[in-house]
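One structure is given below, encoded as structure tokens.
The values are calculated or read from the model by the stated rules, or taken from the named source; none is laboratory data. Note that the structure is predicted; figures quoted are calculated from it, not measured. Glycine also receives a Cβ, built like all others from the backbone with ideal geometry; neighbour counts cover every protein chain displayed.
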Amino acid sequence: MTDESLLQLARDAAIAAGRVLLSERPAVIAQGPSATKSSATDPVTRADTAAQQVIADMLSVARPADALFGEEGLNRPGESGLQWVIDPLDGTVNYLYGTDDWAVSIALRDEAGTVAGVVHAPAFGRTYTAVRGGGCYLDDRRVTVRGCRDLSRAVVGTGFSYDAATRGAQAAVLARVLPRVADIRRCGSAALDLAKVASGRIDAFYENDLHEWDWAAGALLATEAGAVVRQIAGPDQRSGVLAASPDLADPLAGLL
């Protein structure tokens, strides 16, 4: 399969998962989370697992030799040298609270990095896609970063950990950042925040307590849209990411 056909497979799987999430949402909101993970404020719902199963089934049929790695306990080895990195529902708290900032994120990686990425926002009807070296698209329209050159005029997105102690440290960083930028946004979905950088809806994003499935697809979107993307250190060997218009990357990194 070509990179474009692999991207189409990822897009189809993300949209199929999005349909499941939309149909399950009223019942899940009524019933609440089915479990928690890293802390009491880190919920998982039956919709998370159902959406991941839809994605895994579609990818397994089309690409049985590929590895699968997903947030909800999915870790299947493969033989092809390709690995799908899946977050079936990024923004579960938003999903449970009836707000619309949540997304399905699917990335395909090879030994050189990310080949293709999709971030699908079902509640907004938006699908962001990118193939390595092929630019970034919102639906059928190519998008790029805004190109803000002055940090003091930049709108910057960020996110916070489920762990209270880590949030305290992140608040101290935010206290340094906030006076130096135009404003801060907190969406609640790293995948969507990276898509917003890619499409010029914010100028930069950083968060330091993430897993690969949170940022793998979105980082490719931002890169292909012209952003500078860097991994940043997180607590307890977890990872983070910074994505920004090129002139903002160094001054923002200096504040972190």
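Filtering region 174-199 to residues that are farther than 21 Å from Asp247 by Cβ and touching a residue at least 40 places away in the same chain (Cβ under 8 Å) leaves Cys187, Gly188, Ser189, Ala190, Ala191, Leu192.
Scan region 57-73 for residues that are within 18 Å of Asp110 (Cα to Cα) and buried (at least 17 other Cβ atoms within 10 Å of the Cβ) and jot them down.
Leu59, Arg63, Asp66, Ala67, Leu68, Phe69, Gly70 - these are the residues of region 57-73 that are within 18 Å of Asp110 (Cα to Cα) and buried (at least 17 other Cβ atoms within 10 Å of the Cβ).
Picking from residues in region 147-185 that are over 14 Å from Gly234 (Cα atoms) and either in contact with a Ser or Thr (Cβ under 6 Å, 6 or more places away or on another chain) or among the aromatic types (Phe, Trp, Tyr) (or both), the one that is surrounded by the most Cβ atoms within 10 Å (Cβ to Cβ) is Cys148. Of the helices (runs of 4 or more DSSP H) lying entirely inside region 1-101, those carrying at least 2 residues that are at pLDDT 95 or above and not hydroxyl-bearing (Ser, Thr, Tyr) are 3-31, 46-62.
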